[in-house]
2 protein chains.
Amino acid sequence: MPKASPKKAYHHGDLRRAIIDAGEAELAERGLEGFSLRRVSARVGVSHTAPAHHFGDAAGLINALAERGFHRLLEAMVARQATAPRDAYEQLIASGLGYLAFAEQDPALFRLIFSLPKGPDPGAAVMAAADAAFLHLAGNVAALHGAEPMAHPGAYEEVMACWTRVHGFAELMLAGHLAPPCAGRAGAHEALFRKVFGAEFAAKVG
Amino acid sequence: MPKASPKKAYHHGDLRRAIIDAGEAELAERGLEGFSLRRVSARVGVSHTAPAHHFGDAAGLINALAERGFHRLLEAMVARQATAPRDAYEQLIASGLGYLAFAEQDPALFRLIFSLPKGPDPGAAVMAAADAAFLHLAGNVAALHGAEPMAHPGAYEEVMACWTRVHGFAELMLAGHLAPPCAGRAGAHEALFRKVFGAEFAAKVG
DNA sequence: ATGTTAATCTTGCCACTGGTAAGATATCGG
DNA sequence: CCGATATCTTACCAGTGGCAAGATTAACAT
């Protein structure tokens, strides 16, 4: 047993998890700019070089956070869908609103997962998590037709049409470019989002 | 005359401009992560504290770069429109393609202008530059109806519908999420963009 | 012209960052 | 029980931005 007691042990027991937790919290509190390996390490009560063995370098930790971030994004979508009517179009809209809720609730993490350097290897786990979110959205779009995902011609364009709209809305919202009519208050964006998303997909149900 | 000769003068003569130029270049070459005041200062041949007097701190320089960035974005839109048919819908599409071209050509600057901290004062000049770009887009949308900008009900929603689509496309493109059909090659995105943008605006002409 | 003021730039310093190297400590397999 | 290995610490390094104090030049009033 790896010493689950809260006392100071030389070996932490589950440091990788603890670092990711602390990193996520730090990210939410100070943003990506103020993110510091030393700070997250101190938060866990560990020296600043401890994470190196688990993540390689700082980019490795960022990657791990991105993986979690994509999972959080997916969670946010399904959570919102659970509160919506089971109608295919409403489910699609709900997933978009969940997407927006995640962006609003943790802007730094949201931006992090979409600004990973397209370097050599973004990490297979990260790509898998990203694909899971993408495929979920694709499934919602496909449900409009009642068919299997990607089964009809133009399916990819249709999915990207949805994704770009939701994502663009999220980014502009975070950048503070939705100001004039709807300011601040939570849920105020829903009406605008529905209009901006367009009605063409509502018509395609069935 | 403030000594326009290229020889070493204690006073640079036009340091503010030179720093912004160097900063823009550094940003394009090393990205926002690798951005360093000391590097841009060295590039101009000046000590690392020289910019402080012109921009305050690093955030001040970032703000100045953002202002230029919004101007570049506007330039890219009008440049693309100049090569397109004068039909209102084609002009709107062209402005979107210019938007995308700018994002593709200078990703770091593009991301910079849309990730300014919504802090106390983003700088009036930056906001003005951003508004100029926004109003240009709004003008293109209004031209679909032949009317003055924002003159009819639902105009704002319509403009935001366009903006979110273009912007979302740009962001997902930079994040590397347009992979499957269209990879890498320049201009390959145009066909996908036209489909994703939707046909509803083409129908509204007149 | 001449001296005073203000703007511009430099040098030297500080705390902080992430990465490396070498050593300390604990777990694990024989 | 002992050696091998994983985990973590301490000590150090180059690099970063900001501040303070001083050097140099321009702007300006008289």
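Of note:
- Copy-to-copy label separations for A:His71, where each label sits 7 Å from Cα toward Cβ, in nm and ascending: 4.7
- Distances from A:Ala188 to itself in the other copies, using label points 7 Å out along the Cα-Cβ axis, amount to 4.2 nm in increasing order.
- Charge dipole (chain A, unit charges on Cβ, about Cα centre) - positive-most of A:Thr83, A:Gly31, A:Ala175: A:Gly31
- Difference of contour (0.36 nm per residue) and Cα-Cα distance, A:Ala202 to A:Leu15: 62.6 nm
- In chain A, the beta carbon lying closest to the axis that superposes A onto B belongs to the residue given here with its whole-angstrom distance, A:Gly168, 1.
- Exposure here means at most 15 other Cβ atoms within 10 Å; with trypsin sites (Lys or Arg not before Pro) in a DSSP loop as sites, the longest stretch of chain A lacking them is A:9-85.
- When chains A and B come together, the accessible area they lose, probed at 1.4 Å and totalled over both chains, is close to 2700 Å².
- Computed with a 1.4 Å probe over protein heavy atoms only, the accessible surface of the protein assembly as shown comes to 49 Å² per residue.
- Across the cross-link table entries A:Lys195/B:Lys118; A:Lys118/B:Lys204; B:Lys118/B:Lys204, which are compared at the Cα atoms, the separations over 31 Å belong to A:Lys118/B:Lys204; B:Lys118/B:Lys204.
- Label-point distances for A:Ala42 to the equivalent site in the other copies, using a point 7 angstrom along Cα→C-beta, read 2.8 nm when ranked shortest first.
- Spacing of the modelled spin labels on A:Ala25 and B:Glu33, each 7 Å from Cα toward Cβ, amounts to 2.5 nm.
- Span-like helix ranges in chain A, DSSP H, alpha carbon extent 15 angstrom or more, Kyte mean at least 0.0: A:58-82, A:88-105, A:124-142, A:155-175
- Given charges at beta-carbon only (K, R positive; D, E negative), |dipole| of chain A in Debye: 740 debye
- Theoretical FRET efficiency, 1/(1+(r/R0)^6), r = Cβ-Cβ of B:Asp87 and B:Asp131, R0 25 Å, to 0.05: 0.45
The values are calculated or read from the model by the stated rules, or taken from the named source; none is laboratory data. It should be emphasised that the depicted structure is a prediction, and the values quoted were computed from it without experimental measurement. Neighbour counts are summed over all protein chains in view; Cβ atoms, including those assigned to glycine, are modelled from backbone coordinates with ideal geometry. Keep in mind that these areas ignore ligands, DNA and RNA; they rest on the heavy atoms of the full protein, side chains included. Shrake-Rupley method; radii C 1.70, N 1.55, O 1.52, S 1.80 Å.
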